[in-house]
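The values are calculated or read from the model by the stated rules, or taken from the named source; none is laboratory data. Bear in mind the structure is a predicted one, so any value in this text is a computation, not a measurement. All Cβ positions, even for glycine, are placed from backbone atoms using ideal geometry, and neighbour counts span all protein chains on display.
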Amino acid sequence: MKIKKAVIPVAGKGTRFLPATKQVPKEMLPILDQPMIHYCVEEAVLSGIQEIVFVTSSGKEAIENYFDRNIELETFLIKNNKQELFEKIRKIGDMIEIVTVRQKEQLGLGHAVLCAKSVVGKEDFAVILGDDIVVNNIPVTRQLIDCYDKHHGSVIGVMQVAKELTYKYGIVKGTSIDGKTLKMQGMVEKPKPEDAPTNLATPGRYILKNEIFGALERIERGAGGEYQLTDAINMLCLEDKVFAHEFEGQRYDTGSLEGYLRATVDFALGREDLRETMITILKEKRKLI
């Protein structure tokens, strides 16, 4: 089965970025001249995804509007001979098909994914968390799709973290089947370092077989009174093949201020038109430290 749809949950309140997110969705905060959600959708497009399902909540309309056409703005740019900007804006509106569903209560990632069931239908699908950006020549979702095609099971994207940081992540356990892939036995949510089965953490990329919906409908509320995707994946591990694949790429947790700042600096250094300016700024600031 070809992976054609990606679910991107964007219903969260963005409390770590208040007061900026009082009116502006966290996912619309810019990293340089593009909102962070743009990078995630672009990853999906480059991975062969044909349709995005945004799981939204009240106040998140700006995300859907961003990926729509803005005829008034396009007309203004053409009249003012800003052809390059016109092409850039027009391309955003034509990137990919967008569908939105509402998560009326924020009851966890598992609940958010389940909200997309009616749109996903009977297909297997990707999940991309909108506040995690991964940079690599081969998009991380494409890497996981390739693993799915090879092993014919759900695939959880993982990365190595320092042992003392396992308490921040879901940590997978399983049996290695090659240098980068485990056949999973399950996941442990935020274990103490001494209890962590591995140092392979799950930052927010998944390829899930459709059977995950059945598991999500059977799990009970977990930590914080929420429906945890981790619990459904653990259930799926008992009933089907689930794999963890260590992806290649630089990951930025742009849902945190530190990760957002690091991404902004690195992305500026990576652009020809901004690199020298950023280097000059960093050199000037270093003199003041």
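Some observations on this one:
Residue-wise test of (1) in contact with a His (Cβ under 9 Å, 6 or more places away or on another chain); (2) among the polar types (S, T, N, Q); (3) assigned to a strand (DSSP E or B); (4) not assigned by TED's automatic domain parsing to the domain that holds Ala116.
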site	(1), (2), (3), (4)
Lys173	no, no, yes, no
Gln185	no, yes, yes, no
Val188	no, no, yes, no
Glu194	no, no, no, no
Phe213	no, no, no, no
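- Top-ranked residue in the stretch 238-271 [being outside any strand (DSSP E or B) and of a type in the set (Lys, Arg); ranked as nearest to the chain's Cα centre (by Cα)]: Arg262
- Meets criteria (loosely packed, with under 15 Cβ neighbours inside 10 Å, modelled with pLDDT of 90 or more, out of contact with any strand residue (DSSP E or B) (no Cβ under 7 Å at 6 or more places or on another chain) and over 22 Å from Ile8 (Cβ atoms)) for Asp273: yes
- Annotation for the stretch 72-80: at least one member residue is more than 20 Å from Met1 (Cβ to Cβ), of a type in the set (Lys, Arg) and either under 18 Å from the mean Cα position of the chain (by Cα) or loosely packed, with under 14 Cβ neighbours inside 10 Å (or both).
- Screening Arg69 on (1) in a loop (DSSP other than H, G, I, E, B); (2) without any contact (Cβ under 8 Å) to a residue 24 or more places away in the chain; (3) among the charged types (D, E, K, R) shows it passes everything except condition (2).
- Considering only residues in the stretch 143-182 that are more than 21 Å from Ile128 (Cα to Cα) and touching a Lys or Arg at 6+ places or on another chain (Cβ under 7 Å), the one that is surrounded by the fewest Cβ atoms within 10 Å (Cβ to Cβ) turns out to be Thr175.
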